[in-house]
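The values are calculated or read from the model by the stated rules, or taken from the named source; none is laboratory data. This is a predicted model, so every value here is computed, not measured. Cβ placement follows ideal geometry from the backbone for every residue including glycine, while neighbour counts extend to all protein chains displayed. For accessibility, only protein heavy atoms count, side chains too; no ligands or nucleic acids. Shrake-Rupley method; radii C 1.70, N 1.55, O 1.52, S 1.80 Å.
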Amino acid sequence: QVQLVESGGGLVQPGRSLTLSCAASGTFLSMNNMGWYRQVPGKEREFVASIMRIGSLHYADSVKGRFTISRDNAKNTVYLQMASLKPEDTAVYYCNAGGGIYPWGQGTQVTVSS
């Protein structure tokens, strides 16, 4: 069974940076189109960024130019580097493949506040 484990979240001041990690077991992330998503209470989960199997990258307009998604095949891990964080980036961040073909992990909380 595939298991996705997100980590790296925390409390950070506006303008600072944070890097999230998504480690997988039961599948090779390099064989999947992987994405990061986020959700705030009372709202639907939204797309943040994705990295395709062939390596192409896609970002939501709200994070373009500030966030960078990457993949380390040797570690079977996908990363989300977040810079110039804003309070509106506060959310629980999740990773998954293909929009959600695997069981969702617990996510990692990111709180941007002064």
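Karplus-derived 3J(HN,Hα) values for the range 30-39, using 6.51 cos²θ - 1.76 cosθ + 1.60 with θ = phi - 60°, are 5, 8, 10, 8, 9, x, 10, 9, 9, 8 Hz; glycine and proline are entered as x.
Over the chain, calculate the relative contact order: mean separation of alpha carbon pairs under 8 Å at least 6 apart, over the residue count, as a percent. That works out to 38 percent. With Cα atoms as the point set, the radius of gyration and Dmax of the chain evaluate to 13.1, 40 Å. Among the protein heavy atoms, those of Ile69 account for about 0 Å² of accessible surface (1.4 Å probe, every chain in place). 3J(HN,Hα) along the range 108-114, derived from phi through the Karplus expression 6.51 cos²θ - 1.76 cosθ + 1.60 where θ = phi - 60°, amounts to 9, 7, 10, 10, 10, 7, 8 Hz, with x in place of Gly and Pro. At the residue level, Arg53 shows approximately 140 square angstrom of accessible surface with a 1.4 angstrom probe and all protein chains present. Take 87-94, 56-63, 27-34 and order them by the average number of nearby Cβ atoms within 10 Å per residue, most first; the result is 87-94, 27-34, 56-63. Remark: relative contact order (the range 11-50) = 27 percent; criterion is Cα-Cα distance under 8 angstrom and separation of 6 or more residues.
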